[in-house]
Amino acid sequence: MTEYAPLDYLVIAAHPDDAELCLGGTILSLTAQGRRVGVLDLTNGEPTPHGSLEIRARETAAATTLLGLDYRGNLGLPNRALVADLDARKKLAGAIRQLRPRVLLTHYWEDAHPDHVAASALVDAARFWAKLSKTDMPGEPFYPRKIVYFYSMHLRAHVQPSFVIDITPHLEKKLEVVACYHSQFAMGRPAAPPTFLDDVRNLAAYWGYLIGARYGEPFRIREEVGLGNLDHLLL
Ligand SMILES: [Zn+2]
């Protein structure tokens, strides 16, 4: 990894397409505000029924351009067999030390997909390791101030987020970004409503409804949320 200017936000996701699907609207909102945002995918996401390495890389590149990301990388860990072991922790902690994001965003710790569960645990551990001194990891010790967890659509259960981000101005573009992954979200899926993209829109409408907005994306945080004053509770 070469030298990068520090990021404001780094999304760490198990597979290319997770970031787009789970928090594409929030990423678009941040990049529109000029924040420096990166996405680090832990695996290449293949094999899948309708994808290939070439197709997936092309889809990821198209989505990256639409999102306006400052950085996109892939850690090269094994898809379907992601494990939060010491080797993976060291590799990820080294990447965090080089990218120096203020905030990490990763999968919520409970999920139906074992790679997502492993990714969540791996990010927790790597955040801590990133600040260690007297180590052969690249970069300088660094500790991201917060970890924010996003939800995937695999676990069909009602979740209890800590907050919801208003993504109303960005929903249509989020759907475009998600649609870049044609091999994952169009091929082999029902063409009749509700399509996969209908589901994405409907979920966003539900979370938006709960905060008095048209569309939203939910997030969970373990540590306390600090507000400057009570006005920040309101949209
Ligand atoms: Zn995934």
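What residue, among those in the stretch 128-158 that are of a type in the set (A, V, I, L, M, F, W, C) and at pLDDT below 95, is nearest to the ligand (Cβ to nearest atom)? Explain how you work it out, then say what you get.
Filtering the stretch 128-158 for residues of a type in the set (A, V, I, L, M, F, W, C) gives 128-130, 132, 137, 142, 147-148, 150, 153, 155, 157.
Pick out the ones that are also at pLDDT below 95 and you get 153, 155, 157.
Values: Met153: 9, Leu155: 12, Ala157: 17 Å.
Here the answer is Met153.
When you look at Leu77, is it buried (at least 17 other Cβ atoms within 10 Å of the Cβ) and at pLDDT 95 or above, yes or no?
Values: buried (at least 17 other Cβ atoms within 10 Å of the Cβ): yes; at pLDDT 95 or above: yes.
Against the criterion (buried (at least 17 other Cβ atoms within 10 Å of the Cβ) and at pLDDT 95 or above), Leu77 qualifies.
Filter the stretch 100-109 down to residues that are within 16 Å of the ligand (Cβ to nearest atom) and not in a strand (DSSP E or B) and give me whichever is farthest from Ser152 (Cα to Cα).
Trp109
Determine, yes or no, whether Arg100 is of a type in the set (D, E, K, R), surrounded by 17 or more Cβ atoms within 10 Å (Cβ to Cβ), more than 27 Å from Thr195 (Cα to Cα) and at pLDDT 95 or above.
yes
Just a yes or no: is a residue in the stretch 150-159 in contact with a Gly (Cβ under 6 Å, 6 or more places away or on another chain) and under 19 Å from Tyr206 (Cα atoms)?
The answer is no; no qualifying residue exists.
Scan the stretch 195-211 for residues that are over 23 Å from Asp111 (Cα atoms) and open to solvent by 70 Å² or more (accessible area, probe 1.4 Å) and report the count.
1
Filter the stretch 168-193 down to residues that are aliphatic (A, V, I, L, M) and under 18 Å from Gly45 (Cβ atoms) and give me whichever is most open to solvent (accessible area, probe 1.4 Å).
Once the filter is applied, the top-ranked residue is Met187.
Please enumerate the residues belonging to the stretch 139-167 that are surrounded by fewer than 16 Cβ atoms within 10 Å (Cβ to Cβ) and touching a Ser or Thr at 6+ places or on another chain (Cβ under 6 Å).
Passing the criteria: only Pro141.
The values are calculated or read from the model by the stated rules, or taken from the named source; none is laboratory data. This structure is a prediction, so every number in the text was calculated from the model and none was measured. FYI the Cβ positions are ideal-geometry reconstructions off the backbone, even for glycines, and counts take in every protein chain you see. Only protein heavy atoms, including side chains, enter the accessible area calculation; ligands, DNA and RNA are left aside. Shrake-Rupley method; radii C 1.70, N 1.55, O 1.52, S 1.80 Å.
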